[in-house]
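Asks: Please find one structure pasted underneath; my questions will follow.
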Amino acid sequence: MKFGGTSMAGTERIRRVAGIVKRQQEAGHEVAVVVSAMAGETDRLVTFCREANALYDRAEYDVVVAAGEQVTAGLLALHLQALGCKARSWLGWQLPVRTDDAHAAARIEDIESGALLASMAAGEIAVIPGFQGLDPQARVTTLGRGGSDTSAVAVAAAVHADRCDIYTDVDGVYTTDPRIVAKARKLKYVTYEEMLELASVGSKVLQTRSVSLAMKEGVRVQVLSSFIDESAPPADSIPGTMIVSDEELEGTDMERQLITGIAADKNEAKVTLTRVPDRPGAVAAIFGPLAEANINVDMIIQNIAKDKGETDVTFTCPQADLARTQALIEERKEAIGYYRMIADSKVAKVSVVGVGMRSHAGVASTMFKALADRGINIQAISTSEIKVSVLIDADEVELAVRVLHTAYELDAA
């Protein structure tokens, strides 16, 4: 069971979570719980780091921001004990959750589950802070924003859990954000591939890496709401959204839709380098240093070279990494040979996702026409087998989502 920041925001909500956990144990399950920091707490800790040093040391950043989950893990264990449950917290270094040394974006390499399984078998509820681990030098690491989802799936895989329930402030995965489109529909099932694409392009329900890990390890994941009545039944009978393999859905009579969902991400920034020399190695000189710094680059556009052997290169990166990206590129201006760097943080990415794209033509043209009809300009395009994404002005993102939701006939009746 995993509970997000809004579910853990304050004493009353943590007490409610303790009641939900207790009911699952009373239903006969062995339970491990992964918790996020209280809503807003990680942002507060990040602000402290930025105030101390704008180009902060990521190892020390991890020491600071890992504290939020430690607080909620201890508090939930205390609340469970107050309800008469046997419970204890297990910090990332106590299990341990072993990661690589990519601070602020660490990847889980192994979880030693022996002591945890023994504790659970003895009837003890394990409460584990998400987001944190231990690197080879025995220093605290964090897994990146939203990393508690990844922690939960990794723990579920390590203990061979029947299911990983992700409790959030929504009661499932919708065709798009219900706060933008009132007629958005909740989906009963989503495949790993679809959820992976939705998570990667802005759906805030699950972190991308958690879905990727679930697909790799075959962990069945259920998304459901923690904002339920005290007397509600346990999760086994609450209809959330199940994230499963294609194989599990085979043989059902469920008609697969062409488009499963539409996601938007405002946390994007666009960087353009003008007059980059059109020669072998020029692009590698741009993106190599960004990869080494663990900065994720998404859309990449290289214009056709002009007669004078120069080209413009445009790419997107997370807004949070824009300052670091600009600093790295600026340091290597001579090696890259570009003329000018132009950054724009007022952009957003809108994507349509669905496995039905594999067997249907015209998905992209429907998207482009729907946006054009409303005067929305497309700045960049990227595609995959089951996804089409466009970069647009941030001010137009909500209009774009509503227009596309209608264009693909996803509105609830």
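Asks: Which numbered condition trips up Ile381, out of (1) crowded, with 20+ Cβ neighbours inside 10 Å; (2) touching a residue at least 60 places away in the same chain (Cβ under 8 Å)?
Replies: Failed condition: (1).
Asks: Output the strands (runs of 3 or more DSSP E) that fall wholly within the range 331-406 and possess 3 or more residues being modelled with pLDDT of 95 or more and within 24 Å of Pro289 (Cα to Cα), or say none. Can you show your working first?
Replies: Working: elements: 340-353, 380-384, 387-393.
Answer list for the range 331-406: 340-353.
Asks: Which number in (1) assigned to a loop (DSSP other than H, G, I, E, B); (2) surrounded by fewer than 16 Cβ atoms within 10 Å (Cβ to Cβ) marks the one condition that Asp298 misses?
Replies: (2)
Asks: Look through the range 248-287, keep the residues that are outside any strand (DSSP E or B) and of a type in the set (S, T, N, Q), and return whichever of them is modelled with the highest pLDDT. It would help to see each step written out before you state the result.
Replies: Looking only at the range 248-287, we keep the residues that are outside any strand (DSSP E or B), and these are 248-260, 278-287.
Adding the requirement that they be of a type in the set (S, T, N, Q) leaves 252, 257, 260.
Working: Thr252: 55, Gln257: 69, Thr260: 90.
The qualifying residue modelled with the highest pLDDT is Thr260.
Asks: Mind listing whichever residues of the range 30-56 are assigned to a loop (DSSP other than H, G, I, E, B) and either free of Cβ contacts under 8 Å to residues at least 12 places away in the same chain or open to solvent by less than 20 Å² (accessible area, probe 1.4 Å) (or both)?
Replies: As a first pass, look at the range 30-56 and keep what is assigned to a loop (DSSP other than H, G, I, E, B): 30-31, 36-40, 53-56.
Passing the criteria: Val31, Ser36, Ala37, Asn53, Tyr56.
Asks: Sticking with this structure for a sec: Scan the range 309-320 for residues that are more than 12 Å from Asp298 (Cβ to Cβ) and surrounded by 19 or more Cβ atoms within 10 Å (Cβ to Cβ) and report the count.
Replies: Residues in the range 309-320 being more than 12 Å from Asp298 (Cβ to Cβ) and surrounded by 19 or more Cβ atoms within 10 Å (Cβ to Cβ): 3 in total.
Asks: Now for a separate question. Picking from Gly356, Gly375, which residue would you name as being of a type outside the set (Asp, Glu) and at positive phi?
Replies: Values: Gly356 fails: at positive phi.
Selected residue: Gly375, the only one of Gly356, Gly375 that is of a type outside the set (Asp, Glu) and at positive phi.
Asks: Quick check on this structure: which one of Ala293, Ala285, Ala323 is at negative phi and open to solvent by 40 Å² or more (accessible area, probe 1.4 Å)? Talk me through it step by step, then tell me what you get.
Replies: Numbers: Ala293 fails: open to solvent by 40 Å² or more (accessible area, probe 1.4 Å); Ala285 fails: open to solvent by 40 Å² or more (accessible area, probe 1.4 Å).
The unique qualifying residue is Ala323.
Asks: Consider Leu322 carefully, then state whether it is in a helix (DSSP H, G or I), under 27 Å from the mean Cα position of the chain (by Cα) and either of a type in the set (Ser, Thr, Tyr) or within 22 Å of Ala269 (Cα to Cα) (or both).
Replies: On the way: in a helix (DSSP H, G or I): yes; under 27 Å from the mean Cα position of the chain (by Cα): yes; either of a type in the set (Ser, Thr, Tyr) or within 22 Å of Ala269 (Cα to Cα) (or both): yes.
Answer is yes for this residue.
Asks: Regarding the range 37-52, can at least one residue be identified that is of a type in the set (Phe, Trp, Tyr) and under 19 Å from Val153 (Cβ atoms)? Working first, answer last.
Replies: At the first step, the residues of the range 37-52 found to be of a type in the set (Phe, Trp, Tyr) are 48.
So of that shortlist, the ones also under 19 Å from Val153 (Cβ atoms) come out as none.
Checked the range 37-52: no residue is of a type in the set (Phe, Trp, Tyr) and under 19 Å from Val153 (Cβ atoms).
The values are calculated or read from the model by the stated rules, or taken from the named source; none is laboratory data. What you are looking at is a predicted structure, and each value in this text was computed from that prediction instead of being measured. Positions of Cβ are backbone-derived with ideal geometry, glycine not excepted, and every protein chain shown enters the neighbour counts. Ligands, DNA and RNA are excluded from the accessible area calculation, which covers all protein heavy atoms including side chains. Shrake-Rupley method; radii C 1.70, N 1.55, O 1.52, S 1.80 Å.
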